[in-house]
1. Apply the Karplus parameterisation 6.51 cos²θ - 1.76 cosθ + 1.60, with θ equal to phi minus 60°, to every residue of the stretch 115-121 and state each ³J(HN,Hα) to the nearest whole Hz, in sequence, with x for glycine and proline.
2. Hey, what do the phi angles of the stretch 7-17 turn into as Karplus ³J(HN,Hα) couplings, whole Hz, using 6.51/-1.76/1.60 and θ = phi - 60°, x for Gly and Pro?
3. Cβ neighbours within 10 Å, averaged per peptide: list 76-86, 134-144 in order, most packed at the top.
4. Give me the accessible area of I161, 1.4 Å probe, in Å² rounded to the nearest 10.
5. How much net charge surrounds A127 when only the other residues with a Cβ under 13 Å from the Cβ of A127 are counted, with Lys and Arg +1 and Asp and Glu -1?
6. Could you work out how far apart the two model spin labels at I64 and N114 are, taking each label as a point 7 Å from the Cα in the direction of the beta carbon, and quote it in nm?
7. What distance in nm separates the two pseudo spin-label positions at L25 and N208, each 7 Å out from Cα along the beta-carbon direction?
8. Which value, in Å² and to the nearest 10, is the accessible area of F160 when all protein chains are kept and the probe is 1.4 Å?
Amino acid sequence: MFIQAVLIGIFCYLGALSVPWAFGLTGGWYTLSRPLVSGLIVGMILGDVKTGIIVGVAVQAVYIALVTPGGTMPSDLNFVAYPAIALGIMSGKDPQVAVTLAATIGILGTVIFNFMMVLNSYWNNKADKAVQAGDIRGVRLANGLYPQITTFLMRFIPSFIAVYLGGQYIQTILDHIPDKVITMMTVLGGMLPAVGIAILLKQIVKRNDLLVYFLVGFIGIIFLNLNMIALAMIGVLLALIHFNYRPSAVQGGNNNGTQNDDEEDEF
């Protein structure tokens, strides 16, 4: 478990915000820190890829609409993606319970994130002093190396401790929790993905009548038992119909102009 905890801690650092090693934000924050991706990685590390993907998908649905405006972190997705999913896999419980664990750890992770930002502000002060002294090397260290050391320590250490120590006891702890509490965690975990989807729909759907497409997908999955490939093809078909056959304001304007020209000619 020591090696697994070390690997998960390293990936937790590589996927953190402002870490440049995994092609910057594109490969790190927007790829490695997505629960759908980290579920696969953590599953491979722990030797249970199937459970890792299942838990990753369930957690991804909760945070599918998560945004960080101005660096504000409502929930630390990085800790959700790695130590939380790892504990969810090792717990042996339903994915809904893992979702509840992930939401709790994500909120606790914001405390660590804010503390890390406070520590990094010290390096900003050091960089300002280096600029005033004309110390180019000091500027590079204060802006590049030192913040990365802080980020590594604040990501790797909590993740390692959570997986290495928590992984030994998480299943025992959950087994001693009353069944009513586990049932409550399962119900809440099942509701959280719906909240994530609702937030996403709120952001992207500007007209209420477009919600009918979401209902078509819901019916296809629940009642028709379609797989994701078939549902994706239906979505492509509906998108083509919607964008190719909807009324165009430009065409309408051109038609009006043509009609006016014809009326003027007849006059």
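1. Once θ is set to phi - 60°, the couplings for the stretch 115-121 become 5, 5, 5, 5, 5, 5, 5 Hz.
2. 5, 5, x, 5, 5, 4, 6, 4, x, 6, 5
3. 76-86, 134-144
4. Counting only protein heavy atoms, the figure is 80 Å².
5. Around A127, the charge tally is +2.
6. The answer from the label model is 3.0 nm.
7. Modelled inter-label distance: 3.5 nm.
8. Looks like 40 Å² after rounding.
The values are calculated or read from the model by the stated rules, or taken from the named source; none is laboratory data. It should be emphasised that the depicted structure is a prediction, and the values quoted were computed from it without experimental measurement. Glycine also receives a Cβ, built like all others from the backbone with ideal geometry; neighbour counts cover every protein chain displayed. Side chains are part of the model used for accessible areas, which takes the heavy atoms of the whole protein and leaves out ligands, DNA and RNA. Shrake-Rupley method; radii C 1.70, N 1.55, O 1.52, S 1.80 Å.
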